[in-house]
Structures are given as C-alpha cells and as structure tokens.
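Okay, structure first, notes after.
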There are 2 protein chains.
Amino acid sequence: MDRKLIESLLNRRTVRKYTEEDIPQDVLNTVIEAGVRASNCGNMQIYSIIVTKDKQRKQELCKLHFNQPMVREAPVVLTVCADVNRFHKYCQNRNAPVSYNNFLWLNVGTVDATICTQAMCDAAESLGLGICYLGTVTYMAEPIAEFLKLPKGVVPITTITMGYPKEKPELTERLPLQAVVHYESYKDYSAEDINELYKDFEDLPQIRKYIEESRQENLAQVFTNVRYKKEDALVFGRNYLEFIKKQDMF
Amino acid sequence: MDRKLIESLLNRRTVRKYTEEDIPQDVLNTVIEAGVRASNCGNMQIYSIIVTKDKQRKQELCKLHFNQPMVREAPVVLTVCADVNRFHKYCQNRNAPVSYNNFLWLNVGTVDATICTQAMCDAAESLGLGICYLGTVTYMAEPIAEFLKLPKGVVPITTITMGYPKEKPELTERLPLQAVVHYESYKDYSAEDINELYKDFEDLPQIRKYIEESRQENLAQVFTNVRYKKEDALVFGRNYLEFIKKQDMF
C-alpha cells in the first residue's frame with residue numbers, strides 16, 4: 001500500500017500565497033478529471049466547473065469575494081456549481097420530463113459539487129499545488145452568478161483558488177478526534193466535555209494572540225462577536241434563499 | 001512528483017460489496033484524521049461523524065436507507081452531519097452569542113461535512129478500502145436523525161459505507177471534460193451540444209441494456225420517469241425542509 005497519498009492528505013495546509021507560475025493545461029485537466037472521477041448521484045454529473053484565468057476577470061471576481069487577494073493572485077480560480085440545467089437540456093432533447101428544479105436536487109447538487117471540489121483539491125495537493133476555499137461564494141452567490149453568466153438551474157457552491165505555493169504555513173490545530181466522532185449514536189457535550197475538548201486549542205499562543213488583537217475574552221467571542229455575526233448570517237442567508245428561488249431551485 | 005497519488009484518484013470505483021474483514025481501528029482513525037485535516041470554514045469544524053459498526057444497528061439503519069444491502073454488509077457505515085450544536089455549546093460556555101442556527105450556516109455545514117467526507121473517501125481508497133455514497137440520507141433525514149439521536153443543530157448530510165472490496169467493478173463512464181468545464185463564463189448548451197456530449201454515453205452497451213430493462217426510450221427517461229421522479233423529489237424535499245426547520249437550521 002502506498003502511504004504517500006495518505007501523507008499528502010494528513011499534512012496538507014491551506015495555501016493563500018502563490019508563485020507567478022501558471023498551472024499547465026494538462027495538470028489542470030488531470031485535477032479536474034480527478035474531481036469528475038469522484039462519486040456523484042446516479043452518474044448524472046449535476047455540477048459544472050467555471051474556470052477563471054483571465055487577469056482582468058480575476059480582479060473583478062476578487063471584488064465579489066470581499067477583495068480577498070487570493071482571487072486576483074492565484075493563476076486559477078474555480079467556481080464549482082450545482083447544475084441541473086445541462087441535465088434538463090438533455091431531458092428536453094429526449095422527450096423526458098424536467099424533474100430537478102427543486103430544493104431536494106439543489107441539496108444533491110450541493111453535495112455533488114462539493115465532492116467534486118474536494119477530489120480536485122486532494123488531486124491538486126498531491127501534484128504539489130496549493131488551494132484555498134472561499135466561503136464568500138455563498139454570501140455573494142447572486143452577483144457571482146451574474147458575473148459568471150449562470151442560467152437558471154445553476155447555483156455556485158464552492159470557490160477555490162489554486163496555484164503553486166509561495167508559502168508553507170504551519171499545520172493548523174484541530175480538535176481531538178473524539179470531539180467530532182461519535183460511536184453508534186450522538187453523545188451530546190457537557191460543559192466539562194467542552195472545556196476538555198477545547199483546552200489545547202485555546203491554549204495555543206497564536207489563538208491567544210488572535211483573541212487579544214480582537215479585543216475579546218475568548219475564541220468563541222471572536223467568532224460570534226466579530227468574525228461571523230448573527231445579523232450578517234441572517235442577511236446572507238436571506239439573500240441566498242432569494243437567489244435559489246430566482247434560479248428555480250427552491 | 002509521485003504519480004501514484006493521482007492514479008488512486010483517477011482509477012477509483014464505487015464499491016458496493018465488501019469482504020468480511022473488519023477495518024482496524026488505527027486505519028479508521030487515519031481515514032477520519034484525513035477528513036478532519038481537510039479545509040473547513042474558520043476552522044470551527046461544524047461537522048460530526050457518526051460511526052455505525054454494531055451489527056444489529058446496521059440492520060436497523062439499513063431499513064432507513066431503503067434496504068440498500070451495503071448498509072448491513074459493510075463493516076463500517078459513516079453518517080457525516082453538519083453540526084453547529086457543539087460550537088453552540090462552546091459559545092454558551094464562554095459567554096458568547098449563539099449565531100449559527102440559520103440557513104446560511106446549514107449551507108456552510110453542508111459543504112464542510114461533504115469536504116470532510118470526500119477527504120475520508122480519498123484517504124480510504126488510497127489505503128485499499130472501497131466506499132459507496134448513499135443519497136438516501138437526505139430523503140430519510142428525519143428518521144435517520146432520530147435513530148442516531150441527533151440533537152437540534154445537527155443535520156445528516158452524507159452517508160458512506162466502507163470496507164475492503166469484494167469486487168472490482170468496471171470504471172464507469174463520465175461525460176467528456178468539456179461537458180462540465182466552462183472557461184471564464186458559463187456557455188449554455190444547444191441541442192447539438194447535448195447530442196455531441198451525451199453520444200458516447202448513450203452508445204454504451206450497458207446503458208442500452210439499462211434502457212431496455214427499464215422499458216424506456218432513452219437514458220433521460222430512465223432517470224426522470226423511473227429512477228428519480230419529480231413527485232418523489234417534491235415529497236422528499238418538503239420532508240427535508242420540515243426537518244431542517246425542526247432542527248432549528250432554517
């Protein structure tokens with residue numbers, strides 16, 4: 001058994017700074033092929049991948065991602081979409097009813113688009129590339145869809161930037177495995193469990209520094225008072241709901 | 001660069017039949033660790049993994065997955081959930097506001113749970129295991145959540161069965177890459193495009209046989225008249241929506 005793939009998976013880092021080197025087309029095709037080879041519902045492939053490489057367009061797309069610099073600096077930006085439009089076109093051309101313009105299939109497409117994305121990420125990293133996911137794709141789904149000219153039935157689900165790494169960040173901390181794994185049934189968390197599971201995390205010097213810089217008492221407050229506020233989530237969630245209705249997927 | 005890594009990703013097959021061999025705990029832990037190492041929003045890890053190994057419980061869970069035999073025959077079944085409950089418990093214990101019980105964070109959790117799942121699948125396959133995704137987890141989200149004792153804030157997103165392969169299926173067909181990849185902006189499909197892109201697929205002997213057995217004229221009709229009917233999708237979608245409301249995630 002070849003341990004190298006597993007080592008690549010266990011030692012990966014998110015990479016936000018890339019060299020000027022372009023990704024050769026055959027390498028990009030191999031990465032995409034790995035995404036396409038991954039599991040998908042009924043082998044209907046209800047996803048599409050939009051590649052942004054043009055410099056000017058990356059700068060415009062960057063603005064829609066809250067100006068995160070990776071979008072303009074990476075050689076390749078991929079926006080992976082749930083897409084029932086192509087399959088519907090196929091059905092329309094074969095005298096079959098169009099059945100996928102609803103919430104169930106948005107959900108299936110969301111999962112399938114993400115499976116495809118993550119298989120691409122694992123492939124890319126195994127080939128020496130670095131990637132970064134951008135959650136802003138959901139917050140800004142409607143203007144991003146307009147920018148990419150997505151028709152009804154197509155919803156952007158993930159965005160990743162990809163390029164050859166110009167940095168090798170430290171491996172980031174994770175909760176201990178027992179925090180996220182439950183055997184047979186879900187075991188809810190007592191206050192003591194929470195203290196125990198988050199202890200190492202909260203003790204990290206970089207986390208302490210982050211808390212101090214954010215002028216908060218602890219990491220939980222950094223997240224919910226500063227970084228991911230509820231009022232923002234409600235606005236973004238409402239916008240996303242309106243958008244999926246507009247795309248005829250709710 | 002080691003090509004073996006990418007070969008595992010490009011040559012994978014979904015495996016539905018498994019040997020009697022159990023997955024050693026250290027191998028399972030390595031697989032889960034690979035899932036946890038993958039990207040996740042803000043490093044908050046808003047997902048949980050429920051492991052079903054008990055024989056009796058696999059049989060009960062199997063019924064909830066429309067009796068698909070993989071669920072009772074695989075040594076390990078993993079149900080990966082979007083989970084804001086743990087993070088909320090952390091916030092409550094740190095005097096921070098609870099902010100994630102809404103549709104935006106269900107969507108983030110759906111993507112993050114799926115990223116984690118697919119990294120586990122890639123890890124498992126690189127270690128000689130086989131996996132199969134079960135879409136039934138969404139159709140049956142509520143009874144599955146009851147069975148796994150999922151509290152509010154926790155929604156099952158993916159289920160995979162995992163074990164050592166007792167079969168090596170043929171590599172399944174995919175659409176040509178140009179069917180799913182768009183450069184710079186989405187290029188919609190003409191009738192000619194559809195014919196061209198689906199041609200090889202429709203000509204496959206196994207697909208022709210499948211169409212004949214289903215007593216339909218073509219593959220599109222097999223999908224939308226027989227396998228994935230609109231009326232079923234509307235019922236399952238409505239049930240899923242009611243369920244995510246009940247879990248306080250909409």
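All of the numbers you see were taken from the coordinates with simple rules; none came from a lab. Everything quoted here is computed from the prediction, not taken from an experiment. Cβ coordinates were reconstructed from backbone atoms using ideal geometry, including for glycine residues, and neighbour counts include every protein chain displayed.
Would you mind finding the one in A:R227, A:R208, A:R215 that is of a type in the set (K, R) and within 11 Å of chain B (Cβ to nearest Cβ)? After applying the criteria, what remains is A:R227. When segment A:230-244 is filtered for residues that are within 9 Å of another protein chain (Cβ to nearest Cβ) and among the aromatic types (F, W, Y), the ones remaining, listed by number, are A:F236, A:Y240. Put simply, of A:A96, A:A113 the only residue that is among the aliphatic types (A, V, I, L, M) and either at the interface with chain B (Cβ under 7 Å from one of its Cβ atoms) or surrounded by fewer than 24 Cβ atoms within 10 Å (Cβ to Cβ) (or both) is A:A96. Could you grab me the full set of residues in segment A:116-152 that are polar (S, T, N, Q) and facing chain B (nearest Cβ under 8 Å)? Passing the criteria: A:T117, A:Q118, A:S126, A:T138.
Please verify whether A:Q247 is on the phi < 0 side of the Ramachandran plot, facing chain B (nearest Cβ under 8 Å) and either free of Cβ contacts under 8 Å to residues at least 40 places away in the same chain or not aliphatic (A, V, I, L, M) (or both), treating the condition exactly as stated. Outline the logic, then answer.
Working: on the phi < 0 side of the Ramachandran plot: yes; facing chain B (nearest Cβ under 8 Å): no; either free of Cβ contacts under 8 Å to residues at least 40 places away in the same chain or not aliphatic (A, V, I, L, M) (or both): yes.
Considered against the rule, which asks whether it is on the phi < 0 side of the Ramachandran plot, facing chain B (nearest Cβ under 8 Å) and either free of Cβ contacts under 8 Å to residues at least 40 places away in the same chain or not aliphatic (A, V, I, L, M) (or both), A:Q247 comes out as no.
For residues that are assigned to a strand (DSSP E or B) and buried (at least 24 other Cβ atoms within 10 Å of the Cβ), scanning just segment A:116-135, find the one that is nearest to the chain's Cα centre (by Cα). So, considering only residues that are assigned to a strand (DSSP E or B) and buried (at least 24 other Cβ atoms within 10 Å of the Cβ), the one nearest to the chain's Cα centre (by Cα) is A:I131.
Residue count for segment B:1-58, restricted to those that are assigned to a helix (DSSP H, G or I) and out of contact with any Ser or Thr (no Cβ under 8 Å at 6 or more places or on another chain): 20. Would you check which residues across segment A:1-31 are within 12 Å of chain B (Cβ to nearest Cβ) and touching a strand residue (DSSP E or B) at 6+ places or on another chain (Cβ under 7 Å) and list them? Residues satisfying the conditions are A:T14, A:V15, A:R16, A:L28.
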